[in-house]
Amino acid sequence: MSYDYSSESRQLELPNPYRVQNAIMVWGAALLTLAGLVCLWWGREAWAAAHAASGVIPVVAGLGLLTAGVWSAAKVATRLRFFFGRKRPASLAPELAPGTFGGSEAALHLQDTLRQGVLAYPEPQGPIEGLLYNVAPHLITAPLPLQALARKQAFNLAGLLITLASFAVASLMVSRASVRPWLALGYFVFGFVFLMRPVMAQSTARLSVQSVVGLIASAVLAPVAIGLVAPSLPSWGTLSLAPQTTVMLLSGVAALTLVMLAVLGQVAPPPATRTSAHQSRLSFNAPPSALMDELDRQFQSTWTERIPNRRYARAEPLIDPSRHAAPFAGELMEETQPMPMGGSTAASLSAALGSPRHRWIAVLDLYAAALTTVAVILALVVVHGLSASPQAWDEHLGQVGLSAILLLVAAFCQRAAEELWGRFDFESTLVWVEFAGSYQSSTIGTGNMVRSQVNSNNQVVRVENMTLRVWRTRIESVAFHKDGERQITAMFSTDQEAQDLASHLTDFAQAQSALVAAVSPADQARLAALGLADRQLAQAAGVAGALPSADAFLAPGLTLQDPPAAGGQASTPDAPAASAVVPGGSASGGAAAFCHACGAPLAPQARFCSACGQAVHS
């Protein structure tokens, strides 16, 4: 996924959520790297002194510690900068590309959530979950990733506690020293294979009812059963796995306890689940697709930070031109760009320790750093001791096991804390508009069809009693990691905004015109020319019946005048008079008739004015 940069808004430039963990991991990475280099130096000195055997153990330990240190440093380096573009977080449903139609199962689920105004959560299953949700009742409304993590780690914690209690009781009942090593070996193998290994792999421990019964029975019967066969078993000497088993179980219980506290610290009281719904009925003279176009424009005008909405469902209200009447339906559901909410990240270690949400996550990271420190110290002590006396490896083998166990538990704590540090909370608006009804098509003519040659007709779609529904809510959502799945955690009503959107669509629909009229200057000029041609045709029709006077073809207010005769005397009827020539007409000395309403010239014997249609009085 690419990073989308925009200089107009910096609200999506989130602070680095792993800042506190990076600072703590830098300490562990530096310590592991330094210890690895020290061990390699000891191995180099041993090989330089021609003690090949004594130099193998420091070199192997140094390579292991150095690998762990470099891996931790590389992890920190990949998270020094945090980029969060406008394509993040993940959408609540598959998005529709511009110009496409359809939906998805996730979109249908969102519509059902809006319609019912509820959030669905899974019910607890089993005795461990029943106990967990009884201790933390608000966990039932927590984000699903938190619930899954809490259920998993609660199950693991219960398994480790039962195993630790069984091991403690069985150890107290042992009366023979030869039985203790074998008892510790059995519990160590069971705890590591069935409990610790799944915990390290971030999965659920394999603990069933039969396993619990077996652990309880082992606490009572295992010391006696091992004592019966102990004489035939080989001796362990001074080596015993009891310290390693105890440290493994105790450190695991402490780590899982901190994880549970960190998870429960993320749980908030039950959220609000309110949506706004507005329903209205309207009729208008326009295709229903015009309403969809206006809805598109309205949605675009409310884009957050000029970022396009995320479209989850769209259905066009198509009509069939060949049918006189038919039903139609359409819908559009979009979500505005989710914007981050404040308080999602901690700026420093002190701020994290003072925040109820982040306190136990920071403690979990500090616990991992403490385990790493103890493990490194034990490793250096073991390597130094074996370098001095390689033959005493059996005396230091237990410390090697302790160091490895502590490093594994520390790695588990860091991974669990990383999952919780990567939480992001967002807020956005989800809007769903649907309309359904029936339409009727008809033809409407415009203009005087009797006396005027300028008229038009158009096909009109009439929508009758359409149902308009607007669903709207402001939602809060959460995602773990910037590319993780996002989930709605709360919904808040927006009654006024829903009412305003419905009113805007209603006003737009009822303002649509059913008639065709010329509105541009070019159309109006052409209509004026057509009107003049219409009047000239009407006048020509009058000429064919009776020759009108010349003044009839002049503009209003103009008359024909005869020139004076020579010598200042008026011309006589016997002398021809000079007259003006009017295009399209003839010279005449008679008086012209004009409309008393508009002043337009009238054709001879006309009963109506060709310009305004007013009746002519005789």
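The values are calculated or read from the model by the stated rules, or taken from the named source; none is laboratory data. Small disclaimer: the values here were computed from a predicted structure and weren't measured. Please note: Cβ atoms are built from the backbone with ideal geometry, for glycine as well, and neighbour counts cover all protein chains shown. For accessibility, only protein heavy atoms count, side chains too; no ligands or nucleic acids. Shrake-Rupley method; radii C 1.70, N 1.55, O 1.52, S 1.80 Å.
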Net charge near Q499 (other residues with Cβ under 14 Å of its Cβ; Lys, Arg +1; Asp, Glu -1) is -2
SASA check, H138, accessible area w/ 1.4 Å probe, all protein chains in place, rounded to nearest 10 Å², comes out at 80 Å²
Expressed to two decimals, the range 111-268 has a Cα Rg over Rh, using the Kirkwood radius, of 1.13
Residues other than V26 with Cβ under 14 Å of its Cβ, Lys/Arg counted +1 and Asp/Glu -1, net out at +2
Taking protein heavy atoms only, a 1.4 Å probe, and rounding to whole percent, the accessible area of the range 55-173 owed to carbon and sulfur comes out at 68 percent
Taking Rh as the Kirkwood radius computed over alpha-carbon pairs of the range 245-292 and applying Stokes-Einstein at 10 °C with viscosity 1.306 mPa s, one gets a diffusion coefficient in µm² s⁻¹ of 94 µm²/s
Result for the range 30-134: accessible area per residue, probe 1.4 angstrom, in square angstrom, of 58 Å²
When every protein chain stays in place and a 1.4 Å probe is rolled, E485, E129 sorted by accessible area with the largest first are E485, E129
tail above 22 Å in the computed P(r) of the range 27-130, as % of all Cα-Cα pairs, reads 66 percent
Mean 1/r over distinct Cα pairs of the range 87-191, inverted to a Kirkwood Rh in Å, yields 18.5 Å
Share (percent) of C-alpha pair distances in the range 197-341 greater than 23 Å works out to 70 percent
For the range 282-386, the accessible surface attributable to carbon and sulfur atoms (probe 1.4 angstrom, ligands and nucleic acids excluded) amounts in percent to 61 percent
The value for the range 291-413 (convex hull of the alpha-carbon atoms, volume per residue, Å³) is 236 Å³
Excluding ligands, DNA and RNA, the carbon-plus-sulfur percentage of the accessible area of the range 224-277 with a 1.4 Å probe reads 71 percent
Karplus ³J(HN,Hα) for the range 23-35 (6.51 cos²θ - 1.76 cosθ + 1.60, θ = phi - 60°; Hz, whole; x = Gly/Pro) runs 4, 6, 5, 4, 4, x, 5, 5, 5, 5, 5, 5, 5
The answer for trypsin sites (Lys or Arg not before Pro) in the range 286-336 that fall in a DSSP coil and have at most 14 neighbouring Cβ atoms within 10 Å is R306, R323
Mean accessible area per residue over the range 266-408 (1.4 angstrom probe, all protein chains present, square angstrom) is 46 Å²
